[in-house]
Amino acid sequence: MKNKIVTLAGAAVIGVITAFASQTPALAAQSRLSQIIFGKAYNDGVTAIQVTSQTRHDGDLPISVVYATPNTMRSAQRTVGSSAHLRQAIADRGIALHNVVKVETALNGGHVLYYR
């Protein structure tokens with residue numbers, strides 16, 4: 001009985017999200033509800049990952065980010081400073097340039113930006 005209630009509740013949530021998503025055009029601006037549920041979608045080809053004490057201990061970050069040297073950080077900040085696209089990306093996200101730890105270019109041409 002308990003599993004049926006959980007399954008019905010999950011189906012109801014998925015139904016509401018599906019109904020809401022089908023009401024909006026594919027390329028429309030992101031709604032407030034969508035931002036609350038999924039987070040803000042920037043669609044600029046930049047993935048920003050915050051480096052915190054928790055993410056350092058989880059082992060999900062590259063070692064070069066966990067133990068970033070001042071030279072690595074200066075290089076990343078220089079890369080962001082010289083690219084109008086990356087400067088706009090950190091401005092949109094409210095990230096200060098001096099908090100950028102490392103920037104990597106992904107295989108698809110996007111960027112992965114690590115910041116503290």
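The values are calculated or read from the model by the stated rules, or taken from the named source; none is laboratory data. These numbers come from a predicted model, not from an experiment. So basically every Cβ, Gly included, is an ideal-geometry build from the backbone, and we count neighbours across all protein chains shown. Just the protein is used for accessible areas: all its heavy atoms, side chains included, with ligands, DNA and RNA removed. Shrake-Rupley method; radii C 1.70, N 1.55, O 1.52, S 1.80 Å.
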So, with points 7 Å from each Cα along the Cβ direction, the ARG74-ARG93 label distance in nm works out to 2.4
Suppose we take every Cα in the range 50-116 and form the convex hull; what volume per residue is that in Å³? 89
Nitroxide proxy distance, nm - points 7 Å out along Cα→Cβ at THR105 and GLN54: 3.3
The percentage of the accessible area of the range 59-116 (probe 1.4 Å, all protein chains present) made up of carbon and sulfur atoms, to the nearest whole number, is 53
